[in-house]
Amino acid sequence: MGIEQCALELVQQIASELSTADILALQTTSKFIKSATEYMLYKTIKWVFHFPSTPRAPIHLLLRTLLERPELGCLIQCIDFYQKGSFHPIWAAGQPRLTDEELERLAQKARNKTEANTKPEKWLEQ
């Protein structure tokens, strides 16, 4: 009997004893395992910025994933950002930024559950 034949609750209980790296490795084994454990990776997100040794943490990959799959954002219960070392700006001064109005529109769209099926990249256009 393979793990896929086990009850969903049993698979989730087994995975709850694993580290994040082990859950990621386990998810590569099947779609069933991935769907059963994906919420575990997004329940609590802890992001550590190490300065100056790794000044460009790929947080944009997390943000892109959340924009492409908003249902994952609904799984997040806690998100923590930490900084270790001395801080140096990681963004170029001339890089485009969202205006306060754009940020507010994005926040309102994200809060509005009736528009949950709208693609995030369309939020600013509306």
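The values are calculated or read from the model by the stated rules, or taken from the named source; none is laboratory data. Owing to the predicted nature of the structure, the values given are computational and were not obtained by experimental measurement. Cβ atoms come from the backbone with ideal geometry, glycine included; neighbour counts cover every protein chain shown.
Given the criterion touching a helix residue (DSSP H, G or I) at 6+ places or on another chain (Cβ under 8 Å) and modelled with pLDDT under 80, identify the matching residue among Ile3, Ile33.
Result of the check over Ile3, Ile33: Ile3.
Condition check: among the hydrophobic types (A, V, I, L, M, F, W, C) and either modelled with pLDDT of 80 or more or in a helix (DSSP H, G or I) (or both). Does Leu66 satisfy that?
Answer is yes for this residue.
Under 7 Å between Cβ atoms, at least 6 apart or on separate chains: pull out the pairs that start in segment 65-90 with a residue that is surrounded by fewer than 11 Cβ atoms within 10 Å (Cβ to Cβ) and end on any residue that is at pLDDT 85 or above.
Gln77/Lys43; Gln77/Thr44; Cys78/Thr44
I'd like the residue in segment 69-114 that is within 17 Å of Lys46 (Cβ to Cβ) and charged (D, E, K, R) and, out of all such residues, is modelled with the highest pLDDT.
Asp80
If the Cβ limit is 9 Å and pairs must be 6+ apart or interchain, which residue in segment 36-61 that is surrounded by 13 or more Cβ atoms within 10 Å (Cβ to Cβ) and modelled with pLDDT under 70 pairs with which residue that is among the hydrophobic types (A, V, I, L, M, F, W, C) and assigned to a strand (DSSP E or B)?
Pairs that qualify, where the first residue is surrounded by 13 or more Cβ atoms within 10 Å (Cβ to Cβ) and modelled with pLDDT under 70 and the partner is among the hydrophobic types (A, V, I, L, M, F, W, C) and assigned to a strand (DSSP E or B), are Pro55/Phe49; Ala57/Trp47; Ala57/Val48; Ala57/Phe49.
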